[in-house]
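One structure is given here, and the rest of the page talks about it.
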Amino acid sequence: MHAARFSSNFRILYTGFEHSFRILARFCGVEILTYCIMTNHFHVLVRVPEEQKMSDSELVARFAQLYCNQKGKVETLKVVLKKGGEEVQAERDKLLSRMGDVSMFMKELKQRFSIWYNKSHKRYGILWAERFKSVLIEDTAACLRTVAAYIDLNPVRAGIVKDPKDYRYCAYAEAVTGNEEA
């Protein structure tokens with residue numbers, strides 16, 4: 001199958017998935033190195049930063065990105081953080097536990113996309129049959145290149161395109177077209 005034959009539905013799905021994907025990456029603080037979204041699965045290579053101290057303003061900024069359509073949640077967080085005391089630390093700890101954790105990133109990504117998909121298709125229920133699979137990769141150039149190539153070549157192995165630059169649903173094609181975020 002050629003990439004041009006993908007239905008417009010897949011393009012819409014990709015847009016919804018990629019939107020959730022980027023927002024969650026900013027919130028969680030993970031760096032997206034590459035990804036490929038196929039019709040029935042996806043691959044993503046992320047770098048998870050080491051735990052770092054975060055100011056309240058940075059915490060609110062990341063939270064605001066995640067809940068950009070829910071200003072009330074952001075304002076409530078600002079009020080809670082200004083109070084001080086144990087309640088503030090409990091709220092900070094709750095938010096920080098969602099950051100820098102690949103399991104939490106994947107859980108929220110799959111959850112958010114499922115909610116969006118179900119609402120937009122007037123359906124309910126689960127979309128993902130299994131828990132995600134993860135592999136710890138050594139942070140060396142050779143290892144990262146190998147895994148990135150495996151991910152980027154997924155549509156080639158599936159017979160969808162001959163060159164990964166022709167598959168628009170992956171970071172490789174985005175990077176080739178000049179998208180700085182990719």
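The values are calculated or read from the model by the stated rules, or taken from the named source; none is laboratory data. Note that the coordinates shown come from a computational prediction; the quantities given were computed from them, not determined experimentally. Counting neighbours? That spans all protein chains shown, and the Cβs are built from the backbone with ideal geometry, glycine included.
Go through the residues of the stretch 51-71 one by one and say whether even a single one is among the hydroxyl-bearing types (Ser, Thr, Tyr) and within 30 Å of Tyr150 (Cβ to Cβ). No - not one qualifying residue is present in the stretch 51-71.
Number of residues in the stretch 21-53 that are within 29 Å of Gln89 (Cα to Cα), over 11 Å from the mean Cα position of the chain (by Cα) and either β-branched (Val, Ile, Thr) or buried (at least 17 other Cβ atoms within 10 Å of the Cβ) (or both): the value is 1. Output the number of residues of the stretch 115-127 satisfying the condition of being loosely packed, with under 14 Cβ neighbours inside 10 Å and either in the same structural domain as Ala64 (by TED's automatic domain parsing) or in contact (Cβ under 8 Å) with a residue 12 or more places away in the chain (or both). So the answer is 3.
Starting from the stretch 52-80, keep only residues that are touching a residue at least 24 places away in the same chain (Cβ under 8 Å), then list their pairs with residues that are basic (Lys, Arg) and surrounded by 11 or more Cβ atoms within 10 Å (Cβ to Cβ) whose Cβ atoms are within a distance under 6 Å, requiring at least 6 positions of separation or different chains. Hits for this filter: Gln65/Arg26.
Listed here are the residues, each with its yes/no results for (1) in contact with a Cys (Cβ under 7 Å, 6 or more places away or on another chain); (2) surrounded by 17 or more Cβ atoms within 10 Å (Cβ to Cβ); (3) free of Cβ contacts under 8 Å to residues at least 60 places away in the same chain.
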residue: Val102; (1), (2), (3): no, no, no
residue: Phe113; (1), (2), (3): no, yes, no
residue: Thr140; (1), (2), (3): no, no, yes
residue: Ile151; (1), (2), (3): yes, yes, no
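Could you list, in sequence order, all residues of the stretch 116-166 that are among the aromatic types (Phe, Trp, Tyr) and part of a helix (DSSP H, G or I)? Trp116, Tyr117, Tyr150 - these are the residues of the stretch 116-166 that are among the aromatic types (Phe, Trp, Tyr) and part of a helix (DSSP H, G or I). Residues that are of a type outside the set (D, E, K, R) and surrounded by fewer than 17 Cβ atoms within 10 Å (Cβ to Cβ) do occur in the stretch 167-176.
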